[in-house]
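Shown next, in structure tokens, is the structure this report addresses.
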Amino acid sequence: VLEETQKLYSTEVNRTILMGASMGGYGTLAVGLQTPHLWAGLAPMAARSDIYRWLKLKRDEVLPWKRALYESDDPQTLKENAQHLPIFLQ
């Protein structure tokens with residue numbers, strides 16, 4: 001979607017911010033933290049950030065295959081990717 005947007009519209013690549021609300025806020029964190037080199041910043045609004053806390057689960061009680069799915073895009077496991085990425089949390 002980013003590449004298509006850049007083809008169709010006049011954009012400044014080094015000033016592109018990913019933003020979304022609710023489920024889109026979670027997507028902003030999940031996608032943005034997996035590809036921090038593509039964004040000048042992130043602006044998630046009302047986003048879930050920890051699946052375990054959200055679903056009231058204990059990590060060690062979740063089946064390994066399900067834990068792998070949860071953690072593949074869980075913002076908590078990707079937080080190191082945010083070290084040099086401005087994030088405006090709402």
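Structure above, values below:
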| read-out | value |
| --- | --- |
| Cβ-derived FRET efficiency at R0 30 Å, Glu4 paired with Asp73, nearest 0.05 | 0.90 |
| Close Lys-Lys pairs in the chain, where close means Cα under 21 Å and separation is 8 or more or interchain | 5 |
| Percent of Cα pairs exceeding the 14 Å cut-off, where the set is the stretch 18-90 | 57 |
| Solvent-accessible area, 1.4 Å probe, carbon plus sulfur percent, for the chain | 58 |
| Exposure rank, largest accessible area first [Arg53, Arg59; 1.4 Å] | Arg53, Arg59 |
| Phi-based couplings in Hz for the stretch 77-90 (Karplus 6.51, -1.76, 1.60; Gly and Pro marked x) | 7, 9, 4, 4, 6, 9, 4, 10, 10, x, 10, 9, 8, 10 |
| Amide H within-cut-off set for Ala43, under 5 Å, with H built and near neighbours excluded | Leu18, Met19, Gly20, Phe88 |
| 1.4 Å probe accessible area per residue over the chain, in Å² | 73 |
| Within the stretch 2-84: Cβ-based charge dipole about Cα centre, in debye rounded to nearest 20 (Lys, Arg +1; Asp, Glu -1) | 280 |
| ³J(HN,Hα), Karplus 6.51/-1.76/1.60, whole Hz, each residue of the stretch 3-20, x for Gly, Pro | 4, 5, 4, 5, 6, 8, 10, 6, 10, 9, 4, 7, 10, 7, 10, 8, 9, x |
| Charge context of Met23, other residues only, Cβ under 14 angstrom, K/R +1, D/E -1 | 0 |
| Charge-dipole axis of the chain as Lys and Arg at +1 and Asp and Glu at -1 on Cβ define it, positive-most pick from Trp39, Tyr26, Val62 | Val62 |
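The values are calculated or read from the model by the stated rules, or taken from the named source; none is laboratory data. The model shown is predicted, which means the values in this text are computed figures rather than measured ones. Ideal geometry is used to build each Cβ from the backbone, glycine not excepted, and the neighbour counts take in all protein chains shown. To get the accessible areas, we keep the full protein, side chains included, count just its heavy atoms, and leave off ligands, DNA and RNA. Shrake-Rupley method; radii C 1.70, N 1.55, O 1.52, S 1.80 Å.
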